[in-house]
Structures are given as structure tokens and as C-alpha cells.
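K.L.:
Following this message is one structure expressed as C-alpha cells.
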Amino acid sequence: MALSVTTSAQQGAVAQQKPAKHPFAAKDWAALRSAGAAAISSDRTILYLVTFGGDQGPTHKEWWTIAPDGSDATKLNLPEDFSPKGFTSDGQSLYGTWKVNKLGQLAVFPVKDGKTASVPSTVVLLPRGISSAMPSPDGRRFAIVADPRAPDPLDDVRHVQEPDQTSLYVVNADGTGGQWWCGNLKGVSEEAWKADGTSLAVLSSLPRIGHHDVSTAIDLCSATGTHHVADIPNSVSGIAWADGGRQIAFLSTKSAVLTPEHVWTVPAGGGAPEDRTPTLDGTAIQLGGDARGHVWVLVDRGVRNEVDEFQEGALKPAYRWPDGVIGGVPVNSDYVTAKEQVVLTVGDPEHARNLAVPDGDHLRKITHEGDEQLAATDLGTVRAVQWKSKEGTALEGISTFPAGYVEGRKYPFLVLPHGGPEANDELAFDPFSRTIAGLGYIVLQPEYRGSTGYGADFLAAIYQHFGDRAYEDVDSATDYALAQGWADPARLTIFGWSAGGFMTSWTVTQTGRYKAAIEGAGITDWGPFLWTSDIQQIDYDARWTDEDPAAFRKFSAVAFADKVTTPLLILHGEADQRVPTFQGTEFFQILAARGKTVRMVAYPGSPHFPTLWEQRLNVMQEVADWLEKYNK
């Protein structure tokens, strides 16, 4: 047998041929492909969406189908302005939203060999378009959530501030026989078909305009009318039929923070709602049912999560993704006649999000979007870490290290508080952390009080205490990084967006320890913010701003602008309705007038976070430039 010998010179030549890896940068984020599960046909064909950015314009979207074993991946050729939501019951067509005269309407397009017909087989036109559409389990009808009012003829001239209306329109699968069901329901937010297709369980919420309280009604809706089930004096999300149709399951809370975080049920015939998970040590984030009667619950447990099945009044673990997270409840077919199959979206700190299917006692990934690209980048390690604050609060966070990190060496440091605030950071691929780590920083994302994943009391601690308890927790993350020997005490920085932007703007009024700060779309003036945001925000503080303005001034950065010594960069979308742009402008103007080091960059047409990639790339360039200039 002849032996092949490779010399050291040959090995060096081979090594030189391999392209050198580079630190992850904003351009890599813009090009990164990821996949998310969308629907499954009756014969188990999986529909999924691949997204990626670019140098400019909005995010690119590609629709694909694939078999459960990962074979036969096919890119679909879809009509312009058609966004599919799922398959028809025969699996031969896709239903979804199609723009007609700038309004999204329900349309059904036949599909064959990856090609979609240029003309829909069915179109349902409603006066103001549709919000969503859901087929019945028998495939015979669609339930459409839509605004029943006639269009405003002067909509191009002015916009009237008035409560939104959403009702149920039910139509045959071929587009015939449409009629409004349960006309007394004007605030429909979510619905779920009963297995036999005769009725729907419906959530209706009070509109934001005209109400200071929060309440949700649960009703059963059919062609014959409405049967009222219960009133929930709080926020509700997710709805599904449970226990063979005898119970309605949903997420709600008893907390003033309003975030739905426990699983509740109520008898379908009416009765007292019951919290079925009163001792849950995590947070129920999402609930959904399927045509086979499964009730799935996505549960945050710290920076990790799991999918549980709600059975016999209790949660039972069903799916986990090792060293990562699952991106939602399982996707299953809409129809009772379908073959059994679920698909999940999964992700971890080393990989973009992709599809996985059950395989015995574990999940098996069947798509690998982004893997080839990330293989060319030099990624540092990511760790889940725990510590206690000065007050003794047990806290968790995610630390991201630069490539080539050397234990014992001190690095420039950035603390990155998340938005929400009733949310958390996930043990997944985070472009912000990775891009900043690519600049040579250690990044720590703290799960401060008010975050999900740590139980009801931890979540509720944010109420009326965002500016002290959450601030103390975020600041303790920097203390922890210093104690670990990671952070250079002379090169500390902070950056956050939305609620994290509030935390940044508030922090620089409370301490001068940071050499540079970046605030994106942050709340700086609480009183006017509560009434001008596009969603109800009294989960922070339900007191009336006109009756007790001092309570809201207490944690408003604009009231303490004279205390700021840290150079501050403010980034804000000019079309932001979640945190209106004046929040950034007001703080900028006050700081500038006081001679503080401040810069504001506003993005034309941008909502709460930019959707155009030239603006997103500029955000990261502004961040890098600010850190380079002021955190030397």
C-alpha cells in the first residue's frame, strides 16, 4: 500500500488558499440569511420564509417549500404583493394577503411545481382590507378579521383620530357567501376555530382611544350570533380550544404590568376563569392551538426557552433546542384531515434561525440558512452568566466576547439593556452584540427586573420602578463585568433601543461612569409619552399624568439634563409612533442648549426601528464612530 505524505510546505500552501476569517460586521448582518416556519400542507409540505438584507432597501423575502426530511427545497415564484399565510385544504393552492388598490385582501393562488398562477382563483374584497385570515379545520370557510366600516374618502387628506374597529367576516373557501358574524364584536384581536368548524372562540379588547383601563372579552361566535363566555379585567393574548372543546385556553395575568404570562382557562359554556399555572417559575410567552386539539405554549425560562404542551390542566415539556431557543409555538397543518407533522423555528448564538422537525426524542434541523456565510466570520464565545446585584437580586445575562478573547485581559465594555421592557434577550444570534463584539468589545445583555423568564414577581417589579430597580440591575451588570476582570474601567459604554434607550438616557443622568452612550428611540419624558405612543403604555404606570405629573417627572431624563456628563448619541426614526420622535428631539435640544456633548441622527420615514438597510447600516456606523471617538 502506498502512503501519501504531505510536507509542511504543502500544508502551509493549503492554509494560504483558505480565505481568512474576519470579525462579524454590520455588512455581515445585512447579508445574513435566516429561515422561519410558516405553514404545513395536508400532505406535510412545509412552507417557510427566508429573509436577508442588503446594501439598501427593505428586507428581502423568499418563500420556499421543503419536505420534512429536508429534501425537495423549492423556491416559489410568487405574484408581486402576495404574502402567503398557508395552504388550502387540498394542498394545491396558497392563501394569503394580496394588495389590491394598496389594500391587503384575501387571495388564493394555485401553485404547481413551485410556480404560482399569475391570476388568483379566489379574491375577497373588503372595504378597508383585511388584518388576518384563518381557514376552518374542515377547509370549507375562512374567518377574516377586518374593519367593517366604509373607507374614509378623505384619507389622503387627513387622518381622523378614533378608536380602531375590527370584526369577523366569514366566507366560503371559494369566496362566496360572505357575511359579517357577531356584529356586536368591534374589537376582535384573535380568534380560534372550533374543531368542527361551526364556531370560533374570539378575543375582543377595549380600544386604546377612549379607555384608561384594560379589559378583554371572550366570546363564542357563530352564524347564529354571539355567546358571551367571560370578561377578563386585564390583557389577554393567544386563544385555543382545550380539553376536547370543553375549555378555552389563553394567556393572561393578575399583574399591574399587564403582560400576559400565565396559562388560564375558562369553560366554553361560561364560568370563572382560572389561572392554571400559578406557580410558574418562567413566563408563558405565546399560546396556540392546532386542528388536532394540541395546545402549545412557548415558555421563557431565563435566556432559554421551551415549548410545552398544555394537557389535563398542566404544562408538560415537549421541545427544547440545545444551547439555543425556539422561535415560536410549533407550526402544524390548519386541517383536521392532515397528516401529523410539526415544524419549529430554532436558533442559537452560533447560527441564524432555521427550521427543525421532531426526530425521536430530539429536534433535527432541516435548513441551514446563513451557515456558509457565518463560517467566514470569526465569532467569539457567548455565555449565559449569573450574578447578584448590590441589593441581592439574582440576575442573569448574556455575555458576548470578541474573537480571540484572552482570559485575564481587560477589554472595552458595552452594557446593552434590551427593549420591552417586558421582554428578554435570548440565547440566539444577536446582530447588535455580534457587531459590537466585532469592534473588540465585550458586550453584556442584562435581564433586569421587568424581564420575562423569571416568574410573575420579577416581571411585575418594573411597575412604577423602571427608573430605580431596573436601573440598579443594569448598572450591576457593569459591576459584574468589572469584578470578572473583563471590562477596562476606563472604557465603559452603554447602548440601548426603545426601553433600552430609556435606560441609556436615564443612566447618563444618574452616573458619569460611562465614557460614551448611545440611545436609540428612547423614552425621555414619561408624561407625554404615555398618551402619544401608538399602543397603550400604562403597564409602566397607570396613574393619571394630569393628576400626578411629578410621579412621571421622577424618571424623566429631560428633568435631569444638567446632570449629564457622558457624550450621548441619540438615534431616532422620524416616523416612530411607538416612541414618538419628539422624545429624542426634546432631550437633544435641552442637552445642546446646556452645552453638553450630544449628537442626534434622525432617519426619514423610519418607524420604531429602521426598515431600510441603508438606514440600519448607518445606525451601526454611527454607533461604531461614536465609540471610536469617545471611548478611547
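K.L.:
Could the peptides 140-150, 515-525 be put in order, highest first, of the mean number of other beta-carbon atoms found within 10 Å of their residues?
P.N.:
Final packing ranking: 515-525, 140-150.
K.L.:
Over 32 Å between C-alpha atoms is what I'm after, so list which of 99/316; 27/75; 186/339 land there.
P.N.:
Long pairs (Cα-Cα over 32 Å): 99/316; 186/339.
K.L.:
Which value at 222 nm does the chain reach when only helices count, each DSSP H run of 4 or more adding -39,500 (n - 2.57), with the total divided by all residues and rounded to the nearest 500 deg cm²/dmol?
P.N.:
Estimated from H runs of four or more residues: -4500 deg cm²/dmol.
K.L.:
For the chain, with the dipole built from +1 on Lys and Arg beta-carbon atoms and -1 on Asp and Glu ones, taken about the Cα centre, which of 49, 329, 621 lies farthest toward the positive end?
P.N.:
Result: 621, furthest along the dipole toward the positive end.
K.L.:
Compute the Cα gyration tensor for the stretch 246-335, then decide on rounded, prolate or oblate, letting a ≥ b ≥ c be the square roots of its eigenvalues: rounded whenever a/c is under 1.5, prolate when a/b is larger than b/c in the other cases, and oblate in all that remain.
P.N.:
Because a/c hits 1.5 or more and a/b fails to exceed b/c, the stretch 246-335 counts as oblate.
K.L.:
Sticking with this one: Among 489, 105, 210, flag the residue with its Cα farthest along the positive direction of the charge dipole of the chain, charges on Cβ as +1 for Lys/Arg and -1 for Asp/Glu.
P.N.:
489
K.L.:
Leaving out ligands, DNA and RNA, and with a 1.4 Å probe, what % of the accessible surface on the chain is carbon or sulfur?
P.N.:
Result for the chain: 50 percent of the exposed heavy-atom area is carbon or sulfur.
K.L.:
Show me 19-27, 366-374, 298-306, 497-505 ranked by packing, highest mean number of other Cβ atoms within 10 Å first.
P.N.:
On the way: 19-27: 15.6, 366-374: 17.9, 298-306: 22.2, 497-505: 27.8.
So the order, starting with the most tightly packed, is 497-505, 298-306, 366-374, 19-27.
K.L.:
Given axes a ≥ b ≥ c from the Cα gyration tensor, I'd like to know whether the chain is rounded (a/c under 1.5), prolate (a/b larger than b/c) or oblate.
P.N.:
Because a/c hits 1.5 or more and a/b fails to exceed b/c, the chain counts as oblate.
K.L.:
Right, something else. Skip the ligands, DNA and RNA, and give the accessible area per residue of the stretch 355-499 with a 1.4 Å probe, whole Å². Before the final figure, lay out the partial values.
P.N.:
Working: 4980 Å² over 145 residues.
I get 34 Å² per residue for this part.
K.L.:
In addition: For the chain, give the magnitude of the charge dipole about the Cα centre (Cβ charges: +1 Lys/Arg, -1 Asp/Glu; no others), in debye to the nearest 20.
P.N.:
Roughly 1200 debye, rounded to the nearest 20.
K.L.:
Let me ask you something else. Going from most exposed to least, what order do 572, 351, 608, 362 have by accessible area with a 1.4 Å probe?
P.N.:
In descending accessible area the options line up as 362, 351, 608, 572.
K.L.:
Give the cross-link partners of residue 254 among the aspartates and glutamates, using a straight C-alpha distance below 14 Å as the criterion and excluding same-chain residues fewer than 8 apart.
P.N.:
213, 231, 274, 275, 457, 539
K.L.:
If you don't mind, there's one more thing I want to ask. How do the peptides 311-320, 390-399, 435-444 rank, highest first, by the average count of neighbouring beta carbon atoms within 10 Å per residue? Walk me through the numbers on the way to the answer.
P.N.:
Numbers: 311-320: 14.6, 390-399: 17.2, 435-444: 23.8.
Sorting 311-320, 390-399, 435-444 by mean packing, highest first, produces 435-444, 390-399, 311-320.
The values are calculated or read from the model by the stated rules, or taken from the named source; none is laboratory data. Because the structure is a prediction, the values reported are computed rather than measured. Counting neighbours? That spans all protein chains shown, and the Cβs are built from the backbone with ideal geometry, glycine included. Only protein heavy atoms, including side chains, enter the accessible area calculation; ligands, DNA and RNA are left aside. Shrake-Rupley method; radii C 1.70, N 1.55, O 1.52, S 1.80 Å.
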